[in-house]
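Asker: One structure coming up, written as structure tokens, with questions to follow.
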Amino acid sequence: MNGKSEALNGRTAPKPGIGWNEIKAELIEFFASIKLAMFLFLIIAVMATIGTVIQQNERADVYIKEYGEEAYRWFLRLGWTDIYHTWYFTSLLALLCINSLTCFYQRFPAIWRSMHQDKVSVTLPFIKNLKHTTELSVAGTKEGVSKGIVQYLAERGYMVLAKNEPGEATLYATKGIMGRVGAHMAHLSATVIVTGGLIGSLWGFQEFGVCLEGQTYHIPKGSFDLRIDKFWIDYYENGAVKSYNSTLTVLEKGQEKMNKTITVNDPLVYKGIWFYQSSYGDAWDQVDVARVNVKDKATDKILQTVDLQWKKEATLDKLGLTVTLTDFVADFGFNSAEKKVYSKSVEHENPAIKLAMAERTRKSALEATPWIFYHYPDLFDIPGSQYRFELVGYQPRKFTGLQITKDPGVNIVWTGSTMIVVGIALSSFIYHRRLWFKVVPGKPGESTVTVHLGGSTHKNQIDFNKEFRKLTEKIKTINA
Amino acid sequence: MLRSLFLFDMTFWLYLAAFSLYVAYVFVRKPAMQLAAAGHPGSYTTEGDTGLATQIGQVATIITVFGWMMNTAALFTRAFERMQHSGTFAPWSNQFEAMSYVSWAIILGYVLLEFRYRIKTIGAFVVGIGFIAMGAASLLPYRYQTAEPLVPALNSYWIYIHVSVTLTSYAAFAMAGGLGLMYLVRERAERQGQQSRLLAVLPDLETIDELGYKAIMVGFPMLAFGIILGAMWANYAWGGYWSWDPKETWSLIVWLIYGAYIHARMTRGWEGRRAAIYAVFGFLMVIFCFWGVNFLLSGLHAYA
């Protein structure tokens, strides 16, 4: 802003001295300054960039592999592995809020005043000193020309104030104050958004649930239950995944309260808690079907191939076998202390199934519960049995991955977001301009008046230039 | 799909022709010297043209408009093909389509600018960027140009609003970048002294500066809106309106950079040359946000 605009704004420079008023004025000046805003914008941008180049919230070994251990230690010290939640990043955001609030405090009152102020009392030198100024000789009377100008401006959306004195008529026209208001709205909204975000992070939660079809899960934070009725995947013709969907039922004390099929982009909301279809995957402790080859131990020939359903007994009469698929792990691990088998990870690295088999042939009669390994078919030998089992394939049970969140601050963030978009739009498309006129009657006997006009604009000189020129042209022929 | 690819191809050649014509226009212009000497604004609009320059200028505009219509047809055809293939029709559903859409928006913005201010020399810079954008799109490997059905996360009505608004803001920033470059070229001509022909042919610095500022004033609210729409979509799809993923963060970075620009304009000494350099820099950041993030950084948003 140039010096003239500052004077028109009504701000005064801080007076020298060491009293509290002076300190307060200095502080406000600092915290409301544009330079601070620029600095904050840019330094937050730089910090944010760091977080995109260095992967955030990764495991230690990922960083060490990419950058080395020394660099990783520095990252930890600087907080660069989770930069958006460091104290300094949060402080910068807080400072930005303080900056915008102080700016509002310092400058908005003047805007408010100028919206309601009588600015008609200006002097001729004032008009002559404006950036756009000109002097015209127009045919007509003081009253007639003034009326013509007022009408023309009013038609074009200006608010016009007029003062008619015997010696001269003074007119003041203004338009587009909403552009200035918009900027202040945007400033306030930054704080609203940050507040909403803060509330969400303090009092909200985000959890991920791995859920199986047919199961019911208790949601402690909402004290209700969620039953997964169905989960399925739809495919395009070319085999790519089109959508994955879960049908959910909300139960409260056994009563069905709500039923909805969710999919990506279409969550279920109950009691302020949102359930999103986030992902899906293969379960690590269940399969739907396992394909097993029954081989003759002596000749290693495949005697029969059978698809075993989960926990359903299959009878193979010709071989004298009954087999049941009783357990599955995706990544076989054995806890020797508790003598329990478990899955080391969710990845299907070392899958194995457990069978409960009973054999009754002419040559053998036994029962066993062997583990059969997908990658190590020859590992297990069932002593006394004629047969060897081989796991050749399986269809894993799919789980549906649900993201469960609650964010009490989200509506505040939307309010602030609307404010900021409206505010920025107003500020960008509407510009505040003001025009002053002095219509001075000519000497007695002359049929012309002299019109002194001047104008100033807050921004958008190029369009105001054109508008001023057009106005000048129009006034030349304004009829009395 | 072949139909739309053909139309996109034609668009590229038309934009190439338009760009060449605008460059030729700059070199052929001899504005009436008396107009130029007086600093009359008519000297850099079409008012100051004579003979060959007028003709080249007119053909340039016609080819540009025709190219834009071809671009529109290409986008519509692609939308129709998508609808038949997979049930959604946003013709900005992958990197190639998005680039083509941005070119379309840049050229549309330029045409509107030319009709309003009649300064055809701007075409050499802004249509140039539109042409380069379309060219870059054409250079993408074929597998990026096909209309594959959308993955579940993108399969939502949000793609119609969030993506289109954000891409349009990129187009506005591209125009500002082109104008910033034009400013620097003109300024250099000024430093070389009165001998430079460009001095008479290109508009005065204040005009170029203002137009660049206006372009950013269009892009900035659109980007804000686009980011908010993206946050709303994320809230429906991923369970949270902001997760600091590289694309989200980079669009915020771009927004902060232009936010700083807007505040800088109100500070003395930041109009003119600094603003022009800034506008070019901002545009480079937009390119990284649009292109670089998809190909160089990983994350939920890497939808090339």
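Asker: Kindly establish whether residue A:131 is more than 14 Å from chain B (Cβ to nearest Cβ), in contact (Cβ under 8 Å) with a residue 60 or more places away in the chain and charged (D, E, K, R).
Answerer: The answer is no for residue A:131.
Asker: For region A:445-460, state whether one or more residues are in contact (Cβ under 8 Å) with a residue 40 or more places away in the chain, hydrophobic (A, V, I, L, M, F, W, C), part of a helix (DSSP H, G or I) and more than 30 Å from residue A:269 (Cα to Cα).
Answerer: Checking region A:445-460: not a single residue is in contact (Cβ under 8 Å) with a residue 40 or more places away in the chain, hydrophobic (A, V, I, L, M, F, W, C), part of a helix (DSSP H, G or I) and more than 30 Å from residue A:269 (Cα to Cα).
Asker: Based on what the data block shows, is residue B:221 buried (at least 22 other Cβ atoms within 10 Å of the Cβ) and touching a His at 6+ places or on another chain (Cβ under 9 Å)?
Answerer: For residue B:221, the condition - buried (at least 22 other Cβ atoms within 10 Å of the Cβ) and touching a His at 6+ places or on another chain (Cβ under 9 Å) - is not met.
Asker: Take the residues in region A:448-480 that are of a type in the set (A, V, I, L, M, F, W, C) and under 41 Å from the mean Cα position of the chain (by Cα), then tell me which one is farthest from residue A:150 (Cα to Cα).
Answerer: Among those that are of a type in the set (A, V, I, L, M, F, W, C) and under 41 Å from the mean Cα position of the chain (by Cα), it is A:462.
Asker: Could I ask something else about it? Specify which of the listed residues (A:87, A:112) is more than 11 Å from chain B (Cβ to nearest Cβ) and either more than 24 Å from residue A:177 (Cα to Cα) or at pLDDT 90 or above (or both).
Answerer: Of A:87, A:112, the one residue that is more than 11 Å from chain B (Cβ to nearest Cβ) and either more than 24 Å from residue A:177 (Cα to Cα) or at pLDDT 90 or above (or both) is A:87.
Asker: If residue A:125 satisfies all but one of (1) outside any loop (DSSP other than H, G, I, E, B); (2) at pLDDT below 85, what's the number of the condition it fails?
Answerer: Residue A:125 satisfies every listed condition except (2).
Asker: Same structure, new question: Among what's in region B:104-130 and is over 15 Å from the mean Cα position of the chain (by Cα) and part of a helix (DSSP H, G or I), pick the residue that is nearest to residue B:76 (Cα to Cα).
Answerer: Only one residue tops the list, namely B:115.
Asker: Among what's in region B:236-282 and is aromatic (Phe, Trp, Tyr) and touching a residue at least 40 places away in the same chain (Cβ under 8 Å), pick the residue that is farthest from the other protein chains (Cβ to nearest Cβ).
Answerer: Within region B:236-282, the match that is farthest from the other protein chains (Cβ to nearest Cβ) is B:278.
Asker: Another question, if that's okay. Looking at region B:131-145, which of its residues are surrounded by 14 or more Cβ atoms within 10 Å (Cβ to Cβ), in a helix (DSSP H, G or I) and of a type in the set (A, V, I, L, M, F, W, C)?
Answerer: B:131, B:132, B:133, B:134, B:136, B:137
Asker: Here's a follow-up. Taking the residues in region B:76-89 that are crowded, with 17+ Cβ neighbours inside 10 Å and within 14 Å of chain A (Cβ to nearest Cβ) as candidates, determine which candidate is nearest to residue B:145 (Cα to Cα).
Answerer: If we take residues in region B:76-89 being crowded, with 17+ Cβ neighbours inside 10 Å and within 14 Å of chain A (Cβ to nearest Cβ), then B:82 is nearest to residue B:145 (Cα to Cα).
Asker: Tell me whether region A:430-438 contains one or more residues that are among the aromatic types (Phe, Trp, Tyr) and within 14 Å of another protein chain (Cβ to nearest Cβ).
Answerer: Yes, there is a match, as at least one residue in region A:430-438 is among the aromatic types (Phe, Trp, Tyr) and within 14 Å of another protein chain (Cβ to nearest Cβ).
Asker: Also, quick follow-up: Going by the conditions given, is residue A:393 small (Gly, Ala, Ser), touching a Phe, Trp or Tyr at 6+ places or on another chain (Cβ under 6 Å) and closer than 27 Å to residue A:244 by Cα?
Answerer: Answer is no for this residue.
Asker: Can you spot a residue in region A:266-275 that is surrounded by fewer than 17 Cβ atoms within 10 Å (Cβ to Cβ), within 45 Å of the chain's Cα centre (by Cα), within 14 Å of another protein chain (Cβ to nearest Cβ) and touching a residue at least 40 places away in the same chain (Cβ under 8 Å)?
Answerer: There is at least one residue in region A:266-275 that is surrounded by fewer than 17 Cβ atoms within 10 Å (Cβ to Cβ), within 45 Å of the chain's Cα centre (by Cα), within 14 Å of another protein chain (Cβ to nearest Cβ) and touching a residue at least 40 places away in the same chain (Cβ under 8 Å).
Asker: Kindly establish whether residue A:373 is among the hydrophobic types (A, V, I, L, M, F, W, C), touching a residue at least 40 places away in the same chain (Cβ under 8 Å) and more than 20 Å from residue A:284 (Cβ to Cβ).
Answerer: No; evaluated as a whole, the condition is false for this residue.
Asker: Another question about this same structure. Tell me which residues, restricted to region B:171-206, are of a type outside the set (A, V, I, L, M), assigned to a helix (DSSP H, G or I) and either surrounded by fewer than 21 Cβ atoms within 10 Å (Cβ to Cβ) or touching a Pro at 6+ places or on another chain (Cβ under 7 Å) (or both).
Answerer: Residues satisfying the conditions are B:187, B:188, B:190, B:191, B:206.
Asker: Go through A:71, A:94 for me and flag whichever is of a type in the set (Gly, Ala, Ser), loosely packed, with under 15 Cβ neighbours inside 10 Å and in contact (Cβ under 8 Å) with a residue 12 or more places away in the chain.
Answerer: After applying the criteria, what remains is A:94.
Asker: Within region A:304-314, restricting attention to residues that are of a type outside the set (A, V, I, L, M) and part of a strand (DSSP E or B), which residue is farthest from the chain's Cα centre (by Cα)?
Answerer: A:304
Asker: Looking for whichever is of a type in the set (Val, Ile, Thr), at pLDDT below 90 and buried (at least 16 other Cβ atoms within 10 Å of the Cβ) here; the options are A:64, A:54. Which one fits?
Answerer: After ruling out the rest, the residue left standing is A:54.
Asker: A further question on this structure: What is the number of the single condition among (1) charged (D, E, K, R); (2) under 19 Å from the mean Cα position of the chain (by Cα); (3) surrounded by fewer than 19 Cβ atoms within 10 Å (Cβ to Cβ) that residue B:268 does not meet?
Answerer: Unmet condition: (2).
Asker: So which residues in region A:317-343 are surrounded by 17 or more Cβ atoms within 10 Å (Cβ to Cβ) and not small (Gly, Ala, Ser), if there are any at all?
Answerer: Once the filter is applied, which keeps residues that are surrounded by 17 or more Cβ atoms within 10 Å (Cβ to Cβ) and not small (Gly, Ala, Ser), region A:317-343 yields A:319, A:321, A:323, A:324, A:325, A:327, A:328, A:329, A:332.
Asker: Which pairs have Cβ atoms under 6 Å, sit 6 or more apart or on different chains, and link a residue in region A:239-257 that is acidic (Asp, Glu) to one that is part of a strand (DSSP E or B)?
Answerer: Filtered contacts from region A:239-257: A:252/A:224; A:256/A:249.
Asker: Return yes or no: is residue B:227 touching a Leu at 6+ places or on another chain (Cβ under 7 Å) and at pLDDT 95 or above?
Answerer: yes
Asker: Taking the condition in contact (Cβ under 8 Å) with a residue 24 or more places away in the chain and in contact with a Ser or Thr (Cβ under 7 Å, 6 or more places away or on another chain), does residue B:108 pass?
Answerer: no
Asker: Does any residue of region A:388-405 turn out to be free of Cβ contacts under 8 Å to residues at least 40 places away in the same chain, within 13 Å of chain B (Cβ to nearest Cβ) and buried (at least 19 other Cβ atoms within 10 Å of the Cβ)?
Answerer: No, every residue in region A:388-405 fails to be free of Cβ contacts under 8 Å to residues at least 40 places away in the same chain, within 13 Å of chain B (Cβ to nearest Cβ) and buried (at least 19 other Cβ atoms within 10 Å of the Cβ).
The values are calculated or read from the model by the stated rules, or taken from the named source; none is laboratory data. Everything numeric in this text was worked out from a predicted model, so none of it was measured. Glycine gets a Cβ as well: all are built from the backbone with ideal geometry, and neighbour counts include every protein chain shown.
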